[in-house]
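These notes concern the structure reproduced below.
The values are calculated or read from the model by the stated rules, or taken from the named source; none is laboratory data. Not measured: the values here are computed from a predicted model. All Cβ positions, even for glycine, are placed from backbone atoms using ideal geometry, and neighbour counts span all protein chains on display.
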Amino acid sequence: MNNDIILLGHGSGGRLSHQLLDELIIPTLTGIDSSGQNDAAVLGELSGKIAYTTDSFVVDPIFFPGGTIGSLAVHGTVNDLAMMGAKPLWLSAGLIIEEGFSKDDLKTILADMRSAADSAGVKIVTGDTKVVPRGKADKIFITTSGIGVIEHNFQINGANAQPGDVVIINGTIGDHGIAVMAGREGLDVDTEITSDSAALNGIISYLITEFGSSIHVLRDPTRGGVATTIKEIAQQSAVSITLHEESLPVKPAVRGVCSILGLDPLFVANEGKLLAFVSPDSAEAALASLRKHPLGVNAAIIGTVEKSPAGRVQMETVVGGVRSVDMLSGEQLPRIC
């Protein structure tokens, strides 16, 4: 029997399953003592509205410059809660592992999940593990759910963009999508491109504490990139949004790879970026505050909100023209998260 790889027996619920859980998964991922291992986690009481989210991660490759499928799963779930103005507290993690997967790789992924959760101040409190035969999955898939609490009364959601709002992003766009693509295709670029994968709950808590009711919308532009997310908000809030091309922060290396591949950075996925729709009287102060945070050094104002026509998004180009911006059509970069 090969002790270095995952076997179908590890998903049987028997002796091998318990060995995998007790010797690898639980010690690495959560550290929950055997006396506390039950069919469900019992959570503490909350003093506010409950936010709940769920997501699945199938990124290829599972190890990419700047992160792994493990850290990405935690960051993505934490960020979905934070975009509602919630304080993320607890996560669950479901693992679907392909027979033959390396135990060493699994341990690395679990350790990255634990490290990302610890850094974000959240706990992984429950989960599940399944093993499928060779060829029925691709190495490992992860499904996560998260629970958080909203401890304020500010209205922060995708339907709350208001005419006059200023659109701020906390940094450069397209980093994650191009990092994953470079890792997948073995692209040789002069400058190292790394994913921006990060937990944003800290910087968002900072924003809410400082600017409160001036923040109307928070959203992380993941799959489909900034363009698709902005279009979603324009439709949800029934407003018109104008982006300024010259203000969009894009790293030269990312722009170069996009040019080679025929991609538009505006549609490339991000995993550590937030879009904040802020009232105009607070926009400059919010921008200055963001730039003081490690995850907001390259923050920029990239757009404005008008009343009509509802659902329209347009771009003021660097050459002085205006072009329409729509959602991503099809799958530009599959399995990006």
Report summary line: Of (1) buried (at least 22 other Cβ atoms within 10 Å of the Cβ); (2) in contact with a Phe, Trp or Tyr (Cβ under 8 Å, 6 or more places away or on another chain); (3) not charged (D, E, K, R), SER289 satisfies every one except (1)
Query raised in the report: Identify, please: which residue in segment 25-41 is assigned to a helix (DSSP H, G or I) and small (Gly, Ala, Ser) and is, among those, farthest from GLY127 (Cα to Cα)?
Result: SER35
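Could you identify the single residue in SER205, SER145 that is closer than 18 Å to LEU274 by Cα and modelled with pLDDT of 95 or more? Quick ask: steps written out before the conclusion?
Values: SER145 fails: closer than 18 Å to LEU274 by Cα.
Step by step, each of SER205, SER145 is checked, and only SER205 is closer than 18 Å to LEU274 by Cα and modelled with pLDDT of 95 or more.
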Query raised in the report: Identify, please: which residue in segment 116-140 is part of a strand (DSSP E or B) and in contact with an Asp or Glu (Cβ under 9 Å, 6 or more places away or on another chain) and is, among those, nearest to LEU16 (Cα to Cα)?
Result: VAL131
Query raised in the report: Is it true that ILE50 is over 26 Å from the mean Cα position of the chain (by Cα) and in contact (Cβ under 8 Å) with a residue 40 or more places away in the chain?
Result: no
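In the set ASP105, ASP22, which member is modelled with pLDDT under 95 and part of a helix (DSSP H, G or I)?
On the way: ASP105 fails: modelled with pLDDT under 95.
Being modelled with pLDDT under 95 and part of a helix (DSSP H, G or I) holds for just one of ASP105, ASP22, which is ASP22.
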Query raised in the report: Can you list the helices (runs of 4 or more DSSP H) found entirely within segment 160-238 that contain at least 2 residues being touching a residue at least 60 places away in the same chain (Cβ under 8 Å), touching a Pro at 6+ places or on another chain (Cβ under 7 Å) and in the same structural domain as ILE301 (by TED's automatic domain parsing)?
Result: 175-185
Report summary line: If we ask which residues in segment 239-265 are more than 24 Å from ALA286 (Cβ to Cβ), among the acidic types (Asp, Glu) and in contact (Cβ under 8 Å) with a residue 40 or more places away in the chain, their number turns out to be 0
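Sort through LEU89, LEU72, LEU95 and tell me the only one that's farther than 25 Å from ASN3 by Cα, assigned by TED's automatic domain parsing to the domain that holds PHE141 and in a strand (DSSP E or B). Walk me through how you get there before you give the answer.
Working: LEU72 fails: in a strand (DSSP E or B); LEU95 fails: farther than 25 Å from ASN3 by Cα.
Of the residues listed, the single one that is farther than 25 Å from ASN3 by Cα, assigned by TED's automatic domain parsing to the domain that holds PHE141 and in a strand (DSSP E or B) is LEU89.
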Query raised in the report: From the set of residues in segment 140-159 that are surrounded by fewer than 20 Cβ atoms within 10 Å (Cβ to Cβ) and within 21 Å of the chain's Cα centre (by Cα), which is nearest to THR54 (Cα to Cα)?
Result: SER145
Query - Inter-residue pairs, beta-carbon under 6 Å, first closer than 22 Å to ASP138 by Cβ and surrounded by 20 or more Cβ atoms within 10 Å (Cβ to Cβ) and in segment 106-121, second at pLDDT 95 or above and among the small types (Gly, Ala, Ser), 6+ apart - result: ILE109/GLY70; ASP112/GLY70; ASP112/SER71; MET113/GLY70; ALA116/SER71
Requested in this report: Could you give me the residue pairs with C-beta distances under 6 Å whose first residue belongs to segment 1-17 and is under 15 Å from THR129 (Cβ atoms) and in a helix (DSSP H, G or I), whose second residue is modelled with pLDDT of 90 or more and aliphatic (A, V, I, L, M) wherever it lies, and which are 6+ apart or on separate chains?
Outcome: LEU8/VAL131; GLY9/LEU16; HIS10/LEU16; HIS10/LEU20; HIS10/VAL131; GLY11/VAL131
Requested in this report: Could you run through segment 148-159 and say how many residues are touching a residue at least 12 places away in the same chain (Cβ under 8 Å) and more than 23 Å from ALA288 (Cβ to Cβ)?
Outcome: 8
Query - Filter result for THR54 (buried (at least 17 other Cβ atoms within 10 Å of the Cβ), at pLDDT 95 or above, under 30 Å from ALA182 (Cα atoms) and not small (Gly, Ala, Ser)) - result: no
Query raised in the report: Being over 21 Å from HIS176 (Cα atoms), among the small types (Gly, Ala, Ser) and buried (at least 16 other Cβ atoms within 10 Å of the Cβ), is that true of even one residue in segment 246-268?
Result: no
